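FYI, it's all coordinate maths here, none of it is from the lab. It should be emphasised that the depicted structure is a prediction, and the values quoted were computed from it without experimental measurement. With ideal geometry, Cβ positions are generated from the backbone for all residues, glycine too; neighbour counts draw on all protein chains shown.
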Amino acid sequence: MAVKIASVDKGSAAECAGLCEGNMLLSVDGNPINDMLDYQFYTAGPKIELSVNIGGNLKNITIEKEDYQPLGCNFESYLIDKHHSCSNHCMFCFIDQMPKGMRESLYFKDDDERLSFLFGNYITLTNLSEHEVQRIMKLRISPINISVHTVDPQLRIRMMANKHAGETLKYLNDFAQAGIQMNCQLVMCRGVNDGDYLRQSLEKLMSLHPAVQSIAAVPAGLTAHRKGLYPLVAYDKETASQTLDILEEYGEKCLKQFGVRLIYPGDEWFLLAERSIPPTEYYDEFLQLENGVGMWRMYRDNFLEELEYTDPIQQPRSMDVVTGTMAAPLIKEMAQEAEKQNPLLKLTVHAIKNDFFGGNVGVAGLVTGTDIIKQCKGNLQSDLLGVPEVMLRTERDMFLDNITIPQLEQELGVKVEILSVDGAGSLRGMLGITEEI
């Protein structure tokens, strides 16, 4: 496969070798380059030979550089290849539950093993070709994040509406034998894959440790837009407690057997069951943080640690802060702690109910500008509004419903300050402490 070079970094090994925009990269050490993983793997060594088409002429170029030093070529898309889309129709798929009229990119379902390695996305294994499976093991693409949900083949087929969903469970064993580390996810659906099915899944995944280095279980997010979809029911206090009991039971087994808990319930289980969030040591290395596992504990610890070593502000400061209903008790508690240490500080926390998605959606990351405007207009106590960055897209300028920061400021008559997702950074934003450059 010929790959067009879009640009070359200045001072890079590629530029020193004479490569430039428009050249076609054909192979590295005889290996064709199909995507970014091929490129990164085959160009990692200290001495490589490139086959390049320059102006219609085929040239072989030998490059010497530091081991793992980036070659310096950039391409038209980050992956080089197109994203791999998902062929499943999971009964709990959040994208199927989203209202119409949002950005087109939000409706794309990816199931790409390259994004799992590069960005931490979860894959189901059902869209892997045999070539891709072998490449994962050959290139030692590790760790990879896998959405397992259940290890019962027939139930997995039913949950994912994919006839191959059961047979692809074999890749868990293949990867374990090849030494590929895996972080596994179980999206729990009430009355479907919990109970004895959950026990079965935990026992199987435990048996693959240490290749399986973490197992997270999170309740399925259910919106109000489920017309025509499988009739799932949200967990309540009783059923969340029952599921959490199983997760805790097997976590204790792992702790005794392996020295690590291995099985980590999402924060929502503890909130639904009305139990205290566990201490820091419960989460070991916080391997499932991006999956909502341990975020509450890490935020609180980092916030309070930063507060302990931060001098009180010297000028009056007042700020309204928005968050989701799930995190609201934590943010209110932290706001009170910050006010105790800072007599000149006034923080007003607003728990934004998610009317846009509805259902049991309460995480801050799915709060929309529309709901903030509707629920905060006329209710703000200051002219400064703190918005967690997790509510915005990567560019930090737009909510899921396409409301922009300037639009939010205009509608509410405030200045918006974006708060960091980590506790320490969030506190600094509340206090108005700017980062030193």
Nearest-0.05 FRET efficiency for Asp196 and Leu58, computed from C-beta distance (R0 41 Å)
0.10
Obtain the nm distance between the two label points defined at Arg275 and Gln177 by a simple spin-label model: each point lies 7 Å from its Cα along the Cα-to-C-beta direction.
3.7
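Kirkwood hydrodynamic radius, computed over distinct alpha-carbon pairs, for the range 267-307: how many Å, to one decimal? Don't jump to the answer; show the numbers that get you there.
Numbers: mean 1/r = 0.0938 Å⁻¹.
Its Kirkwood hydrodynamic radius stands at 10.7 Å.
At 0.36 nm per residue, minus the direct Cα-Cα distance, what do Gln242 and Ser87 gain on full extension? Give it in nm, one decimal, please.
This chain segment gains 52.6 nm when fully extended.
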Quick one: net charge of Ile157's neighbours, Cβ under 13 Å, K/R +1, D/E -1?
+1
Label point at Ala2 placed 7 Å out along Cα→Cβ; residues across the range 14-31 whose backbone nitrogen lies under 16 Å
20-28
Please give the contour-minus-distance gain from Glu130 to Ile433: 0.36 nm per residue of separation, less the Cα-Cα distance, rounded to one decimal in nm.
103.9 nm
Calculate, for Ile95 and Gln69, the FRET efficiency according to 1/(1 + (r/R0)^6) with r their C-beta to C-beta distance and R0 45 Å; round to the nearest 0.05.
0.70
Give the dimensionless ratio obtained when the Cα radius of gyration of the range 307-391 is divided by 2.2 N^0.38 Å.
1.15
Using Cα centres only, tell me the gap between the range 23-55 and the range 343-359 in whole Å.
50
What spacing in nm lies between the two simple spin-label points modelled at Ser77 and Cys16, each 7 Å away from Cα in the Cβ direction?
3.3
Looking only at the range 256-279, which residues have a backbone nitrogen under 11 Å from a spot 7 Å from the Cα of Asp301 in the C-beta direction?
278-279
Candidates Gly359, Gly179, Gly378; GNM for the chain (alpha-carbon contacts under 10 Å) flags as most fluctuating Gly378
Taking a crude spin-label model, label points 7 Å out from Cα along the C-beta direction, the Asn34 to Val233 distance in nm is 4.6
Pick from Asp371, Asp67, Asp236 the residue whose mean-square fluctuation is largest in a GNM of the chain, springs joining Cα atoms under 10 Å.
Asp67
Which order, highest average first, do 287-294, 215-222 follow once you tally other Cβ atoms within 10 Å for each residue and take the mean per peptide?
215-222, 287-294
Per the 1/(1 + (r/R0)^6) rule, R0 = 60 Å and r from the Cβ atoms of Arg317 and Leu255, FRET efficiency to 0.05 is 0.85
In terms of modelled amide H atoms, which long-range or inter-chain residues lie less than 5 Å from the amide H of Val416?
Leu385
Radius ratio Rg over Rh of the range 266-425, counting only Cα atoms, Kirkwood formula for Rh:
0.96
Can you pull a Stokes-Einstein diffusion coefficient for the chain at 10 °C (1.306 mPa s), Rh from Kirkwood over Cα pairs, as a whole number of µm²/s?
65
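Rounded to two decimals, what is the ratio between the C-alpha radius of gyration of the range 212-328 and 2.2 N^0.38 Å?
Output field value: 1.31.
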Cα atoms only, the range 116-178: Rg and Dmax in Å?
11.6, 32
For the range 357-437, what's the radius of gyration and Dmax over Cα atoms, in angstrom?
12.9, 43
